[in-house]
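For reference, the structure is listed below as structure tokens.
The values are calculated or read from the model by the stated rules, or taken from the named source; none is laboratory data. Quick caveat, the model's predicted, so the values are computed rather than measured. Neighbour counts run over all protein chains shown; Cβ positions are idealised from the backbone, glycine included.
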Amino acid sequence: MKKIAIFASGSGSNAENIITTLANNPDIRVDSVFCNVPDAYVLERAKKLQIPAFVFNRQELNDPAHVLGQLRERQIDFIVLAGFLWLMPSAITAAYPDRIVNIHPALLPAYGGKGMYGARVHEAVIAAGEKQSGITIHYVNERYDEGNIIFQARCDITPEDTPDTLAQKVHALEYKHFPHVIMEAISKLR
Ligand code: GRF
């Protein structure tokens, strides 16, 4: 049995989709949700789904005795970043090599990096006149959006698309693929 912690900062629709999709998997358990925003909607979702949730501030994230200590105490095997907006400190990336994945709502290496999140990504993609966008799931290192890519999926952009409609297309790809890519990555763990 492998235990997952999900880190999220916002709405948490991916977190909810991962929790419900993996609920019947006998080999994986979503153990907990970690969140840096005290009023984020992901905390409501965790409560509804009866998953323990922990809120932390930046200092607690960066203090190896705090968030990393909790992950160790709870014997977390694998970490999923699902709309988590802070950089993972090197103490955590070093403790979980190839055991942290992130989802990015565009086709990295384009449209990534610090400050490129949420609507800003879709606005930039449309402003650049791209014909396609998509999702990238990648391992996490101590730099934003630069770890090895595990999986990408694409969607077409039509002339009628707005950042909102593109966001909907990208979310649909996220819900379809992210839980399965997580299962696959976990099945490769020793
Ligand atoms: C997703 O689009 C994800 O790709 C990005 O942040 C968004 C999170 O949405 N990293 P939600 O909180 O899961 O609804």
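Miscellaneous remarks
- Whichever residue in the range 1-43 is in contact (Cβ under 8 Å) with a residue 60 or more places away in the chain and farther than 17 Å from Tyr175 by Cα and, among such residues, is surrounded by the fewest Cβ atoms within 10 Å (Cβ to Cβ): Asp27
- Residue count, the range 94-114 (criterion: within 13 Å of the ligand (Cβ to nearest atom) and modelled with pLDDT of 95 or more): 9
- Residues considered: Gln168, Gln152. Of these, the only one that is surrounded by fewer than 15 Cβ atoms within 10 Å (Cβ to Cβ) and either in contact with a strand residue (DSSP E or B) (Cβ under 6 Å, 6 or more places away or on another chain) or under 20 Å from Gly10 (Cβ atoms) (or both) is Gln168.
- If you go through the range 149-180 and keep only what is of a type outside the set (A, V, I, L, M, F, W, C), over 16 Å from the mean Cα position of the chain (by Cα) and assigned to a helix (DSSP H, G or I), you end up with Pro163, Asp164, Thr165, Gln168, Lys169.
- Within the option set Tyr175, Tyr144, being over 30 Å from Asn62 (Cβ atoms), touching a residue at least 40 places away in the same chain (Cβ under 8 Å) and among the aromatic types (Phe, Trp, Tyr) holds for one residue only, Tyr175.
- Subset of the range 117-148 [within 14 Å of the ligand (Cβ to nearest atom), within 20 Å of Leu81 (Cβ to Cβ) and either assigned to a helix (DSSP H, G or I) or touching a His at 6+ places or on another chain (Cβ under 8 Å) (or both)]: Ala119, Arg120, Val121, His122, Ser133, Ile135, Thr136, Ile137, His138, Asp145, Gly147
- Candidates Tyr117, Tyr175, Tyr144, Tyr139: the one that is of a type outside the set (Lys, Arg) and in contact with a strand residue (DSSP E or B) (Cβ under 8 Å, 6 or more places away or on another chain) is Tyr139.
- Test: residue in the range 68-84 that is within 14 Å of the ligand (Cβ to nearest atom), farther than 20 Å from Pro179 by Cα and either modelled with pLDDT of 95 or more or part of a strand (DSSP E or B) (or both): no
- Counting only strands (runs of 3 or more DSSP E) that fall entirely inside the range 1-63 and contain at least 2 residues that are among the small types (Gly, Ala, Ser), the qualifying elements are 2-8.
- Scanning the range 13-68 for residues that are aromatic (Phe, Trp, Tyr) and under 13 Å from Val80 (Cβ atoms) turns up just one, Phe34.
- If you go through the range 51-104 and keep only what is of a type in the set (Val, Ile, Thr) and under 24 Å from Glu174 (Cβ atoms), you end up with Ile51, Val55, Ile76, Ile79, Val80, Ile92, Thr93, Ile100, Val101, Ile103.
Residues are listed down the side, and each one gets a yes or a no for (1) surrounded by fewer than 16 Cβ atoms within 10 Å (Cβ to Cβ); (2) closer than 30 Å to Ala153 by Cβ; (3) without any contact (Cβ under 8 Å) to a residue 60 or more places away in the chain:
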site: Arg45; (1), (2), (3): no, yes, yes
site: His66; (1), (2), (3): yes, no, yes
site: Gln75; (1), (2), (3): yes, no, no
site: Ile103; (1), (2), (3): no, yes, no
site: Leu107; (1), (2), (3): no, yes, yes
site: Tyr117; (1), (2), (3): no, yes, yes
